[in-house]
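Beneath this line is the structure, given in structure tokens, with notes to follow.
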Amino acid sequence: MSRGWRTLKLSIKSLLLHPLRSALTVLGIFIGVAGVIWLLSIGEGIGRAAEEQIAGLGARNIIVRTIKPSADEVQDAGYGLTRDDYIRLLATVPTIDKAIPIREVSREFRNGTRRFEGRCVGCTPDYAEVARLTPKMGRFLSDSDLIKQRNYCVLAAETADRLFPFGDPIGQKIMVDDHFFVIVGVMKSRAPSAGIGGSVAAEDFSRDVYIPITTMETRMGDMEVVMKPGQFQRDLKELSQITIQVKDRDLVLPTVDVVRDTIARNHTLADYGVTVPLELLQQAQTTRLMFMLFLGLIAAVSLVVGGIGIMNIMLATVTERTREIGIRRALGAKRRDITQQFLAEAVVLSVVGGLLGIVGGLLCRPISILIRGRLLEWFPEQMSTLPEVVRTVEPMLVSWSIPLAFAISVIVGVTFGVYPAIRAAQLDPIEALRHE
Amino acid sequence: MTAVATLAASIRELRKDYVLSGETVHALRGVSFDVPEGDYISIMGPSGSGKSTLLNLLGCLDRPTAGSFLLGGEDVAKMNDDQLSETRAKRIGFVFQSYNLLPALTVVENIEMPLYYGGRIDAGTRDRCVELANLVGLGNRLDHRPSQLSGGQQQRVAIARSLVNDPRFMLADEPTGNLDSVMTAEILDLLASLNAEGRTIILVTHENDVAARTARTIVLRDGHILTDERR
């Protein structure tokens, strides 16, 4: 039996003399270590979700969007991005792979007596790829639809359901304003995109009708008249958005500068905003890191508290076992032997807590999903007011958090065990023997 | 007992001062005597005479303020803490008035304990501890805890424990102080037989009956040797 093994056995034996006390001490470290793993997992889950959202907007994309200036700045000449902006960008920025001009207006769509309020989007064929739309029936708009300015349209899934609850809508017609549009395709429904800051707001793709942007220009013009109580409001803009896809991810940031310069030259008003998902992606990564650091800090505090618990118990133990220390010293134990014995006990406490904490940490995903499921079942109203990220986050176990947690538990045990152990070893054997 | 044997220990002008709340207490004021190998000495004296202090020094639990204590030729006064521990572990057998067994350990584990620190645990250790338990008449109580034993039995475990390192030099601090006359006799018989094996024994007592069983009695008073008589 080696010396280390003997010390370990002895410390386990001593700890088992007070099972409840030892268990409570272990609990502190258990909570701290499980907390580290949980927090890192949840932080990682939230971070991944945010990254996915932003990556969904395309890491190669630059989104230039019209922003309505304050009312007194709006001139009759209109505001926002223009078709000239679009043409200039394509002509002058060589790193652009494709650019999609988009104009969005609110319209009422009609099929006979069925009416449906939705968003009419003028765009080009590339829109489907960038907005990640896939056909359910038929096809998306084509280049020739655009060139020939056809009165063709493509419906989003919900629009199609509402206007054509029975039968196949392909080849049928809907009316927008006083124009007929022939339906060439229906898109599958897709999850709404979240707003990601910048000028990009959340988008709900379910109530859309897509038409060629050239058709929109000739049939509808650039003027919107919005009726408000007591007044008409005119709204003149050519494009709502230009989505630019750059050839290579590395070229995104240099291209952004050129795009900004190119547009700025022709705009006196601050009537547009440039959003770069890649920048947001990098920001999100930094934010996530900060978030995880912050959560880590909280976990560290709980570990320190757990460590103080160990120290407290070990100091009490040293006082309680003064006589034992005296006996062992009298029978030949060196100071070092006593230090080792008490340090071993502290480390055993913290390592047991650490190992249990790791098990608790591994259960993070199933437990949190279970708890969330129950809460959604019992308190649906309260839960619905929570931010989406809380309702949907899937904790992701961070692999390095396990060795980290284990190392932390050992370090806590040593750090907080060393002082009581040294104190035990410094006791005078004669005094200790007299202790009752 | 022949006086011309090799010396187990030699004590010269041993002094020990304590500082108690700013006041210096002279517990030992110059004590000298020789302990031949195989001697059996009782130390007596009223409380405060310095006998406990002397026993602590002899047991290497403490270092003298002045003077020398040669144990088998080595000067204990010059040892550091680790060397003192090692000497206690390997060369001295200790028996206390209050037994000082560890309540959490069994009889065998208590007997075995000094070996942890002497670094001599091997496959034969347990057998040896069982043998010692048999020697003190506790072979049928190996896995009992101290609380399940009588005072005399506990003291016998303590004696077995003090023997586990096979020390030539044994110290007993009022070993029968807590025992009735029957058990006292048992323990004294045991010590006498150990002495007969050639082990040097020094015991502290204030009972004349106990001192009468030893070969030599040293009486201390106020830190000095009052009498040193061989029977």
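The values are calculated or read from the model by the stated rules, or taken from the named source; none is laboratory data. These figures come from a predicted structure and were not determined experimentally. Virtual Cβ from ideal backbone geometry, glycine too; neighbours counted across all protein chains shown.
Things to note:
- Taking the criterion of being within 14 Å of chain B (Cβ to nearest Cβ) and surrounded by 17 or more Cβ atoms within 10 Å (Cβ to Cβ), the residues of segment A:385-429 that qualify are A:425, A:427, A:429.
Condition check ((1) surrounded by 22 or more Cβ atoms within 10 Å (Cβ to Cβ); (2) in a helix (DSSP H, G or I)) across all residues:
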| site | (1), (2) |
| --- | --- |
| A:5 | no, yes |
| A:9 | no, yes |
| A:21 | no, yes |
| A:29 | yes, yes |
| A:36 | yes, yes |
| A:55 | no, yes |
| A:59 | no, no |
| A:68 | no, no |
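- Test: residue B:14 is part of a helix (DSSP H, G or I) and modelled with pLDDT of 90 or more: no
- Taking the criterion of being touching a residue at least 60 places away in the same chain (Cβ under 8 Å) and either more than 23 Å from residue A:51 (Cβ to Cβ) or of a type outside the set (Phe, Trp, Tyr) (or both), the residues of segment A:290-299 that qualify are A:292, A:295, A:296, A:298, A:299.
- Which listed residue, of B:111, B:159, B:187, is free of Cβ contacts under 8 Å to residues at least 60 places away in the same chain, surrounded by 18 or more Cβ atoms within 10 Å (Cβ to Cβ) and within 22 Å of residue B:212 (Cα to Cα): B:187
- If you go through segment B:169-204 and pick out every residue that is assigned to a loop (DSSP other than H, G, I, E, B), farther than 24 Å from residue B:90 by Cβ and of a type in the set (Gly, Ala, Ser), you end up with 1.
- Note on segment B:134-168: residues that are under 18 Å from the mean Cα position of the chain (by Cα), away from chain A (no Cβ under 13 Å) and not in a helix (DSSP H, G or I) amount to 3.
- Looking across segment B:77-90, the residues that are in contact with a Lys or Arg (Cβ under 7 Å, 6 or more places away or on another chain), surrounded by 14 or more Cβ atoms within 10 Å (Cβ to Cβ) and within 14 Å of chain A (Cβ to nearest Cβ) come down to B:81, B:85.
Yes or no, residue by residue, for (1) more than 16 Å from residue B:82 (Cα to Cα); (2) within 14 Å of chain B (Cβ to nearest Cβ); (3) surrounded by fewer than 23 Cβ atoms within 10 Å (Cβ to Cβ); (4) in contact (Cβ under 8 Å) with a residue 60 or more places away in the chain:
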{"position": "A:311", "(1), (2), (3), (4)": "yes, no, yes, yes"}
{"position": "A:314", "(1), (2), (3), (4)": "yes, no, no, yes"}
{"position": "A:319", "(1), (2), (3), (4)": "yes, no, yes, no"}
{"position": "A:330", "(1), (2), (3), (4)": "no, yes, no, yes"}
{"position": "A:334", "(1), (2), (3), (4)": "no, yes, yes, no"}
{"position": "A:338", "(1), (2), (3), (4)": "no, yes, no, yes"}
{"position": "A:342", "(1), (2), (3), (4)": "yes, no, no, yes"}
{"position": "A:345", "(1), (2), (3), (4)": "yes, yes, no, yes"}
{"position": "A:348", "(1), (2), (3), (4)": "yes, no, yes, yes"}
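- Residues in segment A:397-436 that are in contact with a Lys or Arg (Cβ under 6 Å, 6 or more places away or on another chain) and more than 30 Å from residue A:334 (Cα to Cα): none.
- Yes/no for residue B:50 being of a type outside the set (Val, Ile, Thr) and more than 9 Å from chain A (Cβ to nearest Cβ): yes
- The C-beta contact set for segment B:30-58 (first residue of a type in the set (Phe, Trp, Tyr), second residue in a helix (DSSP H, G or I), distance under 7 angstrom, 6+ apart or interchain) comprises B:40/B:195.
- Qualifying residue in segment B:132-151 (condition: buried (at least 22 other Cβ atoms within 10 Å of the Cβ), within 24 Å of residue A:323 (Cβ to Cβ) and of a type in the set (S, T, N, Q)): no
- Residue among B:120, B:128 that is part of a helix (DSSP H, G or I), free of Cβ contacts under 8 Å to residues at least 60 places away in the same chain, within 23 Å of residue B:87 (Cα to Cα) and not β-branched (Val, Ile, Thr): B:128
- Given (1) part of a helix (DSSP H, G or I); (2) within 22 Å of residue B:19 (Cβ to Cβ); (3) out of contact with any Asp or Glu (no Cβ under 8 Å at 6 or more places or on another chain); (4) in contact (Cβ under 8 Å) with a residue 40 or more places away in the chain, number of the condition residue B:89 does not satisfy: (2)
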